[in-house]
Amino acid sequence: MKRSKTIKTIAGVILMAVITFAFMPAPKKITIKGSDTMVLIAQRWAEVYMKSHPEVALQVTGGGSGTGISALINGATDICNASRPMKQSEMDQLKERYGSLGIEIRCAKDGITVYLNESNPVKELSVKQLSGIYTGKIKNWKEVGGPDAEIKLYGRENSSGTYVFFQENVVKGDYATSCQTLPGTAAVVNAVKNDKYGIGYGGAAYSKGIKQCMVKKDDKSQAYAPSAETIKNGTYPISRYLYMYLRNRPTGELKNYIDWILGPEGQKLVVEQGYFPVK
Amino acid sequence: MKRECTKEPISQEDNSVRHSGLINTNYFRMKTKKVTLFALTLGLLVPMMLAKPVLAQTTPTDTLPQQVNTLRDRINGFEDRLATAEGDLSKLTKIKLSGYIQAQYFNYEQSSNYPYNNFMIRRARIKVTYEATNGVAFVLEPDFQPGNFSIKNAYAQINEPWLKTFSLWAGKFDRPDYEVEYSSSNLECLERSKVITTLYPDEKAIGFKLEVMPPKTHLKVQLALLNGNEGYTYTDGNKNPYDPNGVSPVNTINAAQNNVDFDGFKDLMLRATYAFKLGSFGGLNIGAHGYYGKVKANAYDLLNSDYTYNKAISNPGTSIRRNWAGVEAQLYMDVLGGLTLKGEYIFGINGAPGYYTTQANPPTVTTNSMSHDTLFQVQKTTTTISKVPAIERNFMGYYVYLIKNVGKRNQFAVRYDYYNPNTKINNDSIGYKRYSKSVSGTPTNKWTYSSGTNMVVATNAQTVTNTTNALSTINSTNDLALGTWTFAWTYFFSNNIKIQLAYSIPINETVPAATGVTYNTNGVVTGNKTGVIKGYTVNGVSGFYDYNNVIKQNFLTLRIQAKF
C-alpha cells in the first residue's frame, strides 16, 4: 500500500513537470543549420522574413547536410536544411533521442550542375562518363572529346548532402582519391573558374563565372542543361529536392515561417536565387 | 599529381586572378576545417618564407613574369608536398574514435547490500572504427572499468557493394535484440530490463551475423550463429585433476570474462523488424526474434520446469534446450514534443546446466628417493559427492517503456519490467517443490596428496555417497518473479554531457510464510524449513528476508555521462 503511494507520488510529480514544460511558449529565435547548397536561399528567406516579422530572430549557418542533421539530432538547431533525404540511421538516432521520425518538408528543387571552366571545349557529358571521371577511370579530357590534358577533379566534403547525392546517383562508387574536397559549393565553383581543366559539381544557383555542362542520361539520349523546364519535366537527369527537417510538427513562429517559405513569397525567392520551386 | 609549370609570360592581370583565385580560395580555403592539415601547411610555409631563398630566389633584375613563374614554381612545390601529406592524413580520416564515460552515485535501500551507497564508474568505453574501404569496417571497443578490463565489441563488418543489401559481421558484437542493440549510452532508464540481462548477459556474443537490409525498404533481417555462452557463469564439475580429498572440486567458468565456449554447441538467432511510417503522427516499428540454442547439461539428471524428473543423462556432455521467441514494438508519436511507447515480450525454455563431481584421477605414484618421504595412513571415511541436476525452466518476461521529451533538454521515462524465471511453479509452490535423490556409492579408494613435503600417497577404503541435491531450497530465490518500476529523468546539459537521475522499485513475488525456521549465528538457515527465506550478515548483524513479504530493495542512481 505504502509502495503504491510512493509510485503514485513520483508519477504525479513527473506528470506535472512534463505538462508544465510542454506548454511553455516556443522561443522566438529560430536556428537553421545544414546544407551549403541551400545557404543562399536560406539566408535570403531569413532576411526577407525578418523584415516583415521583426520579433523573430532567424540564425542561418551552413556546414553541410550531415552536419545539419547531426545538429537537429543533438538539439543544436531548430531547422535542418538538407540537400539529400535523411538516412535511415539518422532517422533511428532521431527516434532514440526524441521519439520522433522528424518532419520532412520539401521546400525547393535543384539541378545538380556540372561545372566546367569557360575555356573548356567540352559541352556535354553522359552520366556514365561523369561516373568514369569521378571514379578516376577517365583521367584525360581527350577521352571525352576534350583536349589532351589531365582532368582536375573538385568536389565536396563527405558531410555534404551534394557529395552523397552525387555519389549515389552519378558516381555510383568511390570517388577518385585525386578529387580535391572543398568546404562549400562556392569554393568548388571558384576552383573550376580558375582551373582550365577542372570539373566540379554543385547547386545550380552557384553557376556564375563557369560553364554549365549539359548532361545526358546515357550515350543515346539528348543532353540537357539544368533549367526550370528541364528539371520540372524530368529531362535533366540529375535533379533533386531540397529539404527542411524538423524534430516535430512545427508550432507557433516555426510553423508561420515554414508556411511562409512554402507560400508564394517564399517560393518566389526560390526562383530568384536560381533554385526551382516545388510546385 | 605534379602540376606542370607553363613557361609562357603571364600578364599582370592573369597573375592577380590566379593568385587571388587559385591560392587564396582554392588552396587555403579548402583547408580551413582541417586543423591538422592547416598546421602542417603553416609548418611548411613559415620556415620556407623565413628561410633564405636559394633555388627559387628572385632577383631585383627579374622581370615580373619571371618573378611570377618563380613564385608559382614554389607554390607548385608546396602543393606536391601537401598532396603527399594529405594522402598520409587521409588514412587517418578512416579512423573514427568515439566513446563515453558514465560515473554514478548509487544508493541502496536493501539491508543486505553493503556498502549502502557508493560512487562507481559504470562504463568507460572507447570505440575505434576503422573504415578500410567503402563497405569494410573494423570495430574495437574496450571497456576500462577500474579493475575490470574487457572487450565489448571486436568485429569486422563487410557490406556487399552490389545490391547494398547484405552485410556480414564476424567477431564479438551485440546479440540481435532491440534492447541489447540499444546503445548503453542511450538507455533512458540507465540499465536494461531484467529479462534481457538474464537471457543476454553481457549483451555481446562471439560468432557470425548476416544482416539483410534491402535499400529503400524498411525491412531488416538478422541471422546470427553464436557461441551463446558469453556472459554466463558455469560450474563445471570435471576440471581438477588433482584433488587431495578424493573428489574434484567444482570449477567455475566465467564465459564472459574468458570469452570461451563452455561447450561445442552453437546457438542460432533470427530477428526481423519492419518500420512503418504513420504520416505526420509518427512511426511504428515491429519485430520478432527467435533463439534456438543448446547448452551442455553438465549433469546426469534432467528435470522439468516443475521439478518433476525428466530423464537420466548418460553423458553430461549431452545438450539441454535454450529455446525462446520474442515480439517487440516501438511506437513513436509526435505528441507535444515527442512521445515513445516501446516494449518487448519473450517466452520460452531456458536450460540451466547442473554440475557433478567425480573422483580425481590419482596422482602418479612415484618411487621417491627423498629421505623425508612419509606414508600417511588415512582412516576410512565417508565422502559425499555433490551433484545438481540440469533443469529446463519455462520462463517469460517483458518490459514496457513510456518516454516523454520535455523541451529540447529534458526527457522523462518510466519503465515497468517483469521477469518470471519459472512459469510452471506458482508462488505457493516455491520453496516446496523440490527434487532430491540420494544414491549410495560404492567404496572406493581415497588418495591423499601432500604438496608440502613432495609427493606422499596413501590409500584406504572409503564410502562415497552420490547425492543429487535439491534445486529449490528454503533459501533459493531462483524461481521468484520480479517486477521493477523505474522512473528516470534525463537532463541534456550539452551535446556531450547528460545527467540522469533514476529511482527503481523492484517488487518481488511473494510466497506463503515460512515456518519452523531457525538460524545459526551467521544468519544461515538451519532449522525445519518451509517458505523462502534468505539470511544475511552485514557488519556482524544478522537478518533474514522472508519472501512472504515484498522486500525493500529500492535503489537510486545519479549518473553523469560524458560522450564524444
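For residues that are in contact with a Pro (Cβ under 9 Å, 6 or more places away or on another chain) and part of a loop (DSSP other than H, G, I, E, B), scanning just region B:393-428, find the one that is farthest from the other protein chains (Cβ to nearest Cβ).
If we take residues in region B:393-428 being in contact with a Pro (Cβ under 9 Å, 6 or more places away or on another chain) and part of a loop (DSSP other than H, G, I, E, B), then B:D428 is farthest from the other protein chains (Cβ to nearest Cβ).
Have a look at B:K294, B:K277 and point out the one that is more than 30 Å from B:V406 (Cα to Cα) and touching a strand residue (DSSP E or B) at 6+ places or on another chain (Cβ under 7 Å).
Working: B:K277 fails: more than 30 Å from B:V406 (Cα to Cα).
Among B:K294, B:K277, only B:K294 is more than 30 Å from B:V406 (Cα to Cα) and touching a strand residue (DSSP E or B) at 6+ places or on another chain (Cβ under 7 Å).
Within region A:104-119, which residues are crowded, with 19+ Cβ neighbours inside 10 Å and polar (S, T, N, Q)?
From region A:104-119, those crowded, with 19+ Cβ neighbours inside 10 Å are A:107-117; that's our starting set.
Within region A:104-119, A:T113, A:N117 meet the criteria.
Counting just the residues of region B:177-193 that are touching an Asp or Glu at 6+ places or on another chain (Cβ under 6 Å) and within 12 Å of chain A (Cβ to nearest Cβ), which one comes out surrounded by the most Cβ atoms within 10 Å (Cβ to Cβ)?
Pass one, region B:177-193, residues touching an Asp or Glu at 6+ places or on another chain (Cβ under 6 Å): B:178, B:180-181, B:186, B:192-193.
Next, only the ones that are within 12 Å of chain A (Cβ to nearest Cβ) stay: B:178, B:181, B:186.
On the way: B:Y178: 20, B:E181: 13, B:N186: 14.
That would be B:Y178.
I'd like to know if region B:176-199 contains one or more residues that are in a strand (DSSP E or B), within 15 Å of the chain's Cα centre (by Cα) and at pLDDT 90 or above.
First, pick out the residues of region B:176-199 that are in a strand (DSSP E or B): none.
Within region B:176-199, none of the residues are in a strand (DSSP E or B), within 15 Å of the chain's Cα centre (by Cα) and at pLDDT 90 or above.
Looking at (1) farther than 27 Å from B:S184 by Cβ; (2) at pLDDT 85 or above, which is the one condition that is false for B:L50?
Tallying (1) farther than 27 Å from B:S184 by Cβ; (2) at pLDDT 85 or above, B:L50 fails exactly one: (2).
So that you can scan it fast, the table gives a plain yes or no per residue for (1) at pLDDT 90 or above; (2) in a helix (DSSP H, G or I); (3) surrounded by 20 or more Cβ atoms within 10 Å (Cβ to Cβ):
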{"site": "A:L101", "(1), (2), (3)": "no, no, yes"}
{"site": "A:P121", "(1), (2), (3)": "yes, no, no"}
{"site": "A:L125", "(1), (2), (3)": "yes, no, yes"}
{"site": "A:K137", "(1), (2), (3)": "yes, no, no"}
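Quick check: is even one residue across region A:148-158 within 21 Å of A:S35 (Cα to Cα), part of a helix (DSSP H, G or I) and at pLDDT below 90?
no
Out of all the residues in region A:144-151, is one or more among the β-branched types (V, I, T), touching a residue at least 12 places away in the same chain (Cβ under 8 Å), touching a Cys at 6+ places or on another chain (Cβ under 7 Å) and surrounded by 20 or more Cβ atoms within 10 Å (Cβ to Cβ)?
If we filter region A:144-151 for residues that are among the β-branched types (V, I, T), which is where we start, we get A:144, A:151.
Remaining after also requiring touching a residue at least 12 places away in the same chain (Cβ under 8 Å): A:144, A:151.
Cutting the leftovers down to touching a Cys at 6+ places or on another chain (Cβ under 7 Å) gives us none.
The answer is no, given that none of the residues of region A:144-151 is among the β-branched types (V, I, T), touching a residue at least 12 places away in the same chain (Cβ under 8 Å), touching a Cys at 6+ places or on another chain (Cβ under 7 Å) and surrounded by 20 or more Cβ atoms within 10 Å (Cβ to Cβ).
Could you check region A:107-119 and list, in sequence order, the residues that are within 14 Å of chain B (Cβ to nearest Cβ) and not in a loop (DSSP other than H, G, I, E, B)?
Answer for region A:107-119, where residues must be within 14 Å of chain B (Cβ to nearest Cβ) and not in a loop (DSSP other than H, G, I, E, B): just A:Y115.
Okay, residues lined up against (1) crowded, with 16+ Cβ neighbours inside 10 Å; (2) over 18 Å from B:G397 (Cα atoms):
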site: B:D267; (1), (2): yes, yes
site: B:Y274; (1), (2): no, yes
site: B:I313; (1), (2): yes, yes
site: B:E328; (1), (2): yes, no
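Facing chain B (nearest Cβ under 8 Å) and modelled with pLDDT under 65: does that describe A:A26? Full working, then the answer.
On the way: facing chain B (nearest Cβ under 8 Å): no; modelled with pLDDT under 65: yes.
No; evaluated as a whole, the condition is false for this residue.
Among the listed residues A:Y224, A:Y275, A:Y257, which satisfies the condition of being aromatic (F, W, Y) and under 18 Å from the mean Cα position of the chain (by Cα)?
Working: A:Y224 fails: under 18 Å from the mean Cα position of the chain (by Cα); A:Y257 fails: under 18 Å from the mean Cα position of the chain (by Cα).
None of the others qualify; the one that does is A:Y275.
I'm checking my understanding of the structure. Among residues of region B:142-156 that are in contact (Cβ under 8 Å) with a residue 12 or more places away in the chain and small (G, A, S), which one is nearest to B:L97 (Cα to Cα)? Quick ask: steps written out before the conclusion?
Restricting attention to region B:142-156, the residues satisfying the condition of being in contact (Cβ under 8 Å) with a residue 12 or more places away in the chain are B:142-146, B:150-156.
Filter once more, keeping what is small (G, A, S): B:150, B:154, B:156.
Numbers: B:S150: 18, B:A154: 14, B:A156: 16 Å.
Filtering first and then ranking leaves B:A154.
Return the residues of region A:198-223 that are closer than 21 Å to A:E143 by Cα and in a loop (DSSP other than H, G, I, E, B); say none if nothing qualifies.
Result: A:K217, A:D218, A:D219, A:K220, A:S221, A:Q222, A:A223.
Across region A:194-235, which residue is nearest to the other protein chains (Cβ to nearest Cβ) among those that are polar (S, T, N, Q) and within 21 Å of A:L153 (Cα to Cα)? Spell out how you get there, then give the answer.
Our first condition is that a residue be polar (S, T, N, Q); within region A:194-235, this holds for A:194, A:207, A:212, A:221-222, A:227, A:230, A:233, A:235.
Imposing the further condition that a residue be within 21 Å of A:L153 (Cα to Cα) reduces the set to A:194, A:207, A:212.
Numbers: A:N194: 4, A:S207: 16, A:Q212: 19 Å.
If we take residues in region A:194-235 being polar (S, T, N, Q) and within 21 Å of A:L153 (Cα to Cα), then A:N194 is nearest to the other protein chains (Cβ to nearest Cβ).
Given the options B:E109, B:E79, B:E86, name the one that is closer than 30 Å to B:A502 by Cα, within 13 Å of chain A (Cβ to nearest Cβ) and out of contact with any His (no Cβ under 7 Å at 6 or more places or on another chain).
Working: B:E79 fails: closer than 30 Å to B:A502 by Cα; B:E86 fails: closer than 30 Å to B:A502 by Cα.
Going through B:E109, B:E79, B:E86 in turn, the sole match is B:E109.
Starting from residues that are at pLDDT 85 or above and of a type in the set (S, T, N, Q), keep the ones in region B:81-110 and report whichever is farthest from the chain's Cα centre (by Cα).
Among those that are at pLDDT 85 or above and of a type in the set (S, T, N, Q), it is B:N107.
For region B:151-178, which positions are among the aliphatic types (A, V, I, L, M) and under 10 Å from B:V139 (Cα atoms)? I'd like the intermediate steps shown before the answer.
From region B:151-178, those among the aliphatic types (A, V, I, L, M) are B:151, B:154, B:156, B:158, B:163, B:168, B:170; that's our starting set.
Hits for region B:151-178 are B:A154, B:A156.
Checking the conditions here, which among B:E211, B:E179, B:E160 is of a type in the set (D, E) and in contact (Cβ under 8 Å) with a residue 60 or more places away in the chain?
B:E179
Only residues that are more than 13 Å from chain B (Cβ to nearest Cβ), crowded, with 17+ Cβ neighbours inside 10 Å and part of a loop (DSSP other than H, G, I, E, B): list them for region A:39-96, please.
A:V56, A:S83, A:R84
Can you name every residue in region B:386-441 that is aromatic (F, W, Y) and at pLDDT 80 or above? Working first, answer last.
Let us first name the residues in region B:386-441 that are aromatic (F, W, Y), namely B:395, B:398-399, B:401, B:412, B:416, B:418-419, B:432, B:435.
Within region B:386-441, B:F395, B:Y398, B:Y399, B:Y401, B:F412, B:Y416, B:Y418, B:Y419 qualify.
Go through (1) within 28 Å of A:I79 (Cβ to Cβ); (2) within 14 Å of another protein chain (Cβ to nearest Cβ); (3) touching a strand residue (DSSP E or B) at 6+ places or on another chain (Cβ under 8 Å) for A:T251 and report which single condition fails.
All conditions are met except number (3).
The values are calculated or read from the model by the stated rules, or taken from the named source; none is laboratory data. This one's a predicted model, so the numbers in the text were calculated from it and none came from an experiment. Using ideal geometry, Cβ is built from the backbone for each residue, glycine included, and neighbour counts are taken over all protein chains shown.
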